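Notes follow the structure.
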Amino acid sequence: MAAESYAYNLLGLDLSSDGGGARERKALWLRSAYEDPFDRRRLLEDPMTYGGSPYTKELQDVDDFEGRLLVGDIRHLNEVVGSRGKLVEDVDIVSGGPPCQSFSMAGLREFGNGRNRLPWEFAKFVEVHQPKVALLENVSGILRPFTEGSGRIHAWFEVAKAFAAIGYAPICLQVNARNVGVAQNRPRYLMIAVRSDLVESVARALGTARGALSMGKQLLEDIHRDVPFDPERHEIVDLTKPDVIERYRASPLGNLSLKSATPVSVRDAIDDLESGGTPSEYVQDINHRFNPKLNRARPRPDGQTLNNEHRSHTVRVEARFVLYQALEALIAAGDEGEAHSVRQYLKSANSDVAPPGHTALAKLMAVGLHGVDGRQVRSVSEAKRAVEGLRTRKRTQRALRAGHPAPAALSIPDDACHYDVPRTLSVREMARIQSFPDDFEFRSLPTTGGPRRKYQVPQYTQVGNAVPPLLGYAIGLVLSELLQTSEAGRGPDSELALTAAGSIARSR
């Protein structure tokens, strides 16, 4: 998440105003091309280089880092730690989410990519500060192996070994945010790494689920030799499978799956924003649960919905969105085959894919279809011309299905359109789907592109890349129970779960 949004909502600082929080010394830059801590141009620097300049002067006389925001690259942070030693003592949890691109099947996937080393930088930070537990969150694509030379690399296993090498037993999990009440089908990879001296007490806290620690304990024993990946021995705990969920239900890991079998739908999350009706129980819950935990720089004006500006589209694009909505209506009516054939034709860039047949076109026309001029289609021949004129190279676009959770890919504005009106989602609608409360204001620009994406994190990307707060809360409950019921736990503390959830939501 952009430092600007984090500081504004959780530290009560407006970094885009004069002073940028520096007057209170809560926001510190690791590196900057601008010496003046009040210079707002710091928000526009490339986070990978920060101008290549030395560390900012305001770091030199800071001894107490608690409650402060350090802005920069973890590699630069580790350089500071290397010269100064620990930044804080007696740490319960360190959480992080290394950039996902190098681990995702949709990304670059090079094993030698510089960004791919960031999990190891995270491990170095953990090794110095020795928290009781380290938490790493990533896309589930990290679980799929990729080829390097003549071999296949399991990136998640390499990261697990890195943490075992510094004395931590990893618990490796696959979870889905929809199972904790988020209105999105969002599978994620989690690694809960337990410090070696706490392994046995955490195993007791896990109870019948202590088998989740088996691989991690074995890695600790084998760490002095190069352990190859063995699919029979090295398995994750897949908490997206119903039988596995039930097996772990009574343990702290059971917090990662609600008992309710009914998932929260997109309609539950966003319908009131368009209709003006009463917010659903889902919306009321996330606002009641998370709004009081925010420390905004300024209160939200009464009656104002933040980040809810609608983007404008051409008539042709709106017609394509109407077509996507019609396709989802066909699927809901059981005509999945017809919808699939139309979708394949729409995203084809050549004439090898046959156009939709008469039956499919007639069904689309019956549901409702617009031509490229925006007019209602009245005949099958008009429907054929409309579909031909709406072909696109965008391969992932679709309309949301009102009664279902949103799909996983939802970080680019054009990924999906509304289920009822021909437009893309607003930032607030995406944030609702992700379970962000309405008082959380996303700062920076809504969208950006080109070289600016190196240093600017647009609002849509902030939402799409964040850990959903409800998932962060559930993870916080897991860590809270593991620490409180283990021998080294610090005793009952209802805020621990919220602290962990907040640090996860803020780790972008």
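The values are calculated or read from the model by the stated rules, or taken from the named source; none is laboratory data. All values reported here derive from a predicted model rather than from experimental measurement. Because the Cβ atoms are built from the backbone with ideal geometry, glycine has one as well, and the counts that use them run over all protein chains shown.
Let's see how each residue does on (1) part of a helix (DSSP H, G or I); (2) outside the structural domain of residue 427 (by TED's automatic domain parsing); (3) surrounded by 14 or more Cβ atoms within 10 Å (Cβ to Cβ); (4) β-branched (Val, Ile, Thr):
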site: 348; (1), (2), (3), (4): no, yes, yes, no
site: 354; (1), (2), (3), (4): no, yes, no, no
site: 361; (1), (2), (3), (4): yes, yes, yes, no
site: 374; (1), (2), (3), (4): no, yes, no, no
site: 378; (1), (2), (3), (4): no, yes, no, no
site: 381; (1), (2), (3), (4): yes, yes, no, no
site: 384; (1), (2), (3), (4): yes, yes, yes, no
site: 387; (1), (2), (3), (4): yes, yes, yes, yes
Note: among 501, 474, just one is modelled with pLDDT under 75, out of contact with any Asp or Glu (no Cβ under 8 Å at 6 or more places or on another chain) and crowded, with 20+ Cβ neighbours inside 10 Å, namely 501
Per the filter on the stretch 150-179, residues in a strand (DSSP E or B) and in contact with a Pro (Cβ under 8 Å, 6 or more places away or on another chain) are 152, 153, 174, 175, 176
Filtering the stretch 180-206 down to residues that are buried (at least 21 other Cβ atoms within 10 Å of the Cβ), in a strand (DSSP E or B) and of a type in the set (Lys, Arg) yields 188
Out of (1) more than 30 Å from residue 3 (Cβ to Cβ); (2) part of a helix (DSSP H, G or I); (3) in contact (Cβ under 8 Å) with a residue 12 or more places away in the chain, the one residue 340 does not meet is (3)
Going through the stretch 77-128 in order, the residues found to be in a helix (DSSP H, G or I), at pLDDT below 90 and of a type in the set (Lys, Arg) are 84, 115, 117
If we keep only residues of the stretch 278-316 that are β-branched (Val, Ile, Thr) and in contact with a helix residue (DSSP H, G or I) (Cβ under 9 Å, 6 or more places away or on another chain), then the residue surrounded by the fewest Cβ atoms within 10 Å (Cβ to Cβ) is 278
When the stretch 223-253 is checked residue by residue, the ones that are assigned to a loop (DSSP other than H, G, I, E, B) and β-branched (Val, Ile, Thr) are 223, 227, 236, 240
Filtering the stretch 258-297 down to residues that are closer than 13 Å to residue 435 by Cα and among the small types (Gly, Ala, Ser) yields 265, 269, 280
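Here is a check on your reading of the model: is residue 447 modelled with pLDDT of 80 or more, closer than 30 Å to residue 333 by Cβ and either part of a loop (DSSP other than H, G, I, E, B) or assigned by TED's automatic domain parsing to the domain that holds residue 11 (or both)?
Here the answer is no, as residue 447 does not meet what is asked.
Going by the structure shown, is residue 177 surrounded by 17 or more Cβ atoms within 10 Å (Cβ to Cβ) and assigned by TED's automatic domain parsing to the domain that holds residue 476? Quick ask: steps written out before the conclusion?
On the way: surrounded by 17 or more Cβ atoms within 10 Å (Cβ to Cβ): yes; assigned by TED's automatic domain parsing to the domain that holds residue 476: yes.
Here the answer is yes, as residue 177 does meet what is asked.
Considering each of 386, 408, 431 in turn, give the residue that is at pLDDT 90 or above, out of contact with any Gly (no Cβ under 7 Å at 6 or more places or on another chain) and of a type outside the set (Val, Ile, Thr).
431
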Here the residues within the stretch 129-152 that are of a type in the set (D, E, K, R) and modelled with pLDDT under 95 are 137, 144, 148, 152
